[in-house]
Amino acid sequence: MGQTLEKAALWQKAQRFVLGVYSLTEQFPASEANGLTPRLRKAAVLVAVNIAEGLSSEEGNNKQQAHFFGISHNLMNECRHYCMFAKYLGYGYSPELTEQLEELDALLRLYSSATVAL
């Protein structure tokens, strides 16, 4: 049951992060409709998708879980950079979204460590 709660927490944080990204990018200028906006949104959605894939991996398939969690971690770094660009360009900044990203990354690292240790 504890593992199910951890999975739920990881997935819920990923969902909240995606919603936060969509909220932030609504503030971006229309000129970014084919630039930063879709890139940040896609990366955030793929974070959540890869977390879901990792969580739904076959029980005991730690290699597959590690693969999907690694992809999610790389995508979170991408999101981190896109958010920095948005801030520097004056398109918007959300301390709450930055906090969500860091919390999600930390939880994902914890979950990844536990998966590798099994």
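Computed from the coordinates I sent, Rg/Rh (Cα atoms, Kirkwood Rh) equals one of (1) 1.02; (2) 1.00; (3) 0.98. Tell me the label.
(1)
Given Cα pairs under 8 Å that are at least 6 residues apart, what percent is the relative contact order of the range 2-117?
Answer for the range 2-117 is 33 percent.
Using only the alpha-carbon atoms, how far is helix 95-117 inclined from the longest principal axis of the chain? Give it as 0 to 90 degrees, nearest 10.
20
Charges only on Cβ, +1 for Lys and Arg, -1 for Asp and Glu: so what's the dipole of the range 6-79 about the Cα centre, in debye to the nearest 20?
Around 100 debye, computed over the range 6-79.
Using Cα atoms only, what is the angle between the long axis of helix 2-25 and the major principal axis of the chain, expressed in degrees (0 to 90) to the nearest 10?
Tilt relative to the chain: about 10 degrees.
For every helix of n ≥ 4 consecutive DSSP H residues, a contribution of -39,500 (n - 2.57) applies; sum these over the chain, divide by its total residues, and give [θ] at 222 nm rounded to the nearest 500 deg cm²/dmol.
So the calculated ellipticity at 222 nm is -28000 deg cm²/dmol.
Are there any GluC sites (Glu not before Pro) in the range 54-92 that are in a DSSP loop and have at most 11 other Cβ atoms within 10 Å? List them by number.
Sites meeting the loop and neighbour criteria: 58, 59.
On C-alpha positions alone, give me the angle between the axis of helix 62-88 and the longest principal axis of the chain, in degrees, nearest 10.
20
Read-outs throughout are calculated quantities, based only on the coordinates presented, and are distinct from any laboratory measurement. Source: prediction; values computed, not measured. FYI the Cβ positions are ideal-geometry reconstructions off the backbone, even for glycines, and counts take in every protein chain you see.
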